[in-house]
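**Q** Here it is, the structure, as structure tokens.
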Amino acid sequence: MEPDEMLRSALHRRADREQIHPDAWMRFVQGSQARRSRRVQAGRLVGGALAVVVGLGVWIARDEPVARRVHVPSASSASCIEVALFDGVTYDMYHAYTIPEPGERLGQAKRPGCPSPEDPNPEAFTFDIARLPGVDPSVAFVHMEIPELIFVRLEDGKRPAEVEQYLHPPTCVASDEPIEMSGPWLGILGADGDTEVDLVPPYDVRLQVVHASSSKYFRGLIWVRVPPALGQPLTRSDLRTSLWEGGDLTVTAVCDGELFVATSVVASPPT
């Protein structure tokens, strides 16, 4: 399924905000949809690579402005392309950092057209929506094909508490140590927040968790610090054969406060 222009524009906004090359982000979304279709049959969650080579660097997703922070758009940031109408109610769009599994199909939501000089009277667009697990549909729902997108009905300008679990990545809990996680490798950044080019720790790697020793980390988009004590566990060959090709990371981690610190990290090519 090719995202329509409304979704494409919204996803490009996220790319701008999180320092992702727009083409790489669209490849991630489109690739995640294709992988979701294949992996659901095998009981596995979608994954995908968020990287593309640009000159000598790699553009990758991150939480803005550093790996330890998450940008969650406010209601005031929403525009006509970042809302949806369902049962006569307006819902604001947010990007998930713990990706939900869409529940039962609820029907179709509609987004109003965005007037432009080229098209002053655009038609509305409809798309399939599904139940957001644990949340009443009158409060929020999820895009059925792209569950990275969640639509929330604000109450007095505030987000309902029950949707917050999806809008932030899981944090590290020391009682879970050692924490085993694996899933699609989504990015790598230097500890200073710049593109990582020499692969000498410390740096941060990001994965979408599809297997974990504790269920609280499942489906999260998580950054993990790779410390100097590990030597040089990832190589340029790993970038080429795993990150750039949509492969996986397997990580064992401990906690530094709420942050994840790797005690081992291994990359593998896509299967």
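**Q** Of all accessible surface on the range 172-222 at a 1.4 Å probe, what whole percent is carbon and sulfur?
**A** 52 percent
**Q** Sorted by accessible area with a 1.4 angstrom probe, largest first, how do 144, 181 fall? Don't skip to the end; give the middle numbers.
**A** On the way: 144 60, 181 5 Å².
Largest accessible area first, the list is 144, 181.
**Q** Using a 1.4 Å probe on the protein heavy atoms, what percent of the accessible area of the range 97-155 belongs to carbon and sulfur? It would help to have the intermediate numbers written out before the result.
**A** Values: 1190 of 2670 Å².
Percent of accessible area from carbon and sulfur atoms in the range 97-155: 45.
**Q** From the phi of every residue in the range 193-210, what ³J(HN,Hα) in whole Hz does the Karplus formula 6.51 cos²θ - 1.76 cosθ + 1.60 yield, where θ is phi - 60° and glycine or proline is x?
**A** Going residue by residue, I get x, 8, 4, 8, 10, 9, 6, 9, x, x, 7, 10, 10, 10, 9, 9, 7, 10 Hz, with x marking Gly and Pro.
**Q** For residue 263, list long-range residues whose amide hydrogen, built 1.01 Å from N in the peptide plane, is under 5 Å from its own amide hydrogen.
**A** Distant-sequence amide H within range of residue 263: 252, 253, 254.
**Q** R0 = 45 Å: FRET efficiency of residue 211 with residue 119, Cβ-based, nearest 0.05?
**A** Working: r = 46 Å, r/R0 = 1.02.
The formula returns an efficiency of 0.50 here.
**Q** Given 0.36 nm per residue, what is the gain on full extension from residue 136 to residue 235 after removing their alpha carbon distance, in nm?
**A** This chain segment gains 31.1 nm when fully extended.
**Q** Just to verify a number: what accessible area does residue 131 come out at with the full protein assembly present, 1.4 Å probe, Å² rounded to tens?
**A** Its accessible surface works out to 80 Å², give or take rounding.
**Q** Roughly how much of residue 177 is accessible, in Å² to the nearest 10, using a 1.4 Å probe?
**A** 80 Å²
**Q** Across 10 Å bins from the origin, how do the percents of Cα pairs in the range 147-271 run, short distances first?
**A** Computed distribution, short to long bins: 13, 42, 30, 12, 3, 0.
The values are calculated or read from the model by the stated rules, or taken from the named source; none is laboratory data. All figures in this text were calculated on a predicted structure; none of them were measured in a lab. Quick reminder, even Gly has a Cβ in these numbers, built from the backbone with ideal geometry, and neighbours come from all protein chains shown. Side chains are part of the model used for accessible areas, which takes the heavy atoms of the whole protein and leaves out ligands, DNA and RNA. Shrake-Rupley method; radii C 1.70, N 1.55, O 1.52, S 1.80 Å.
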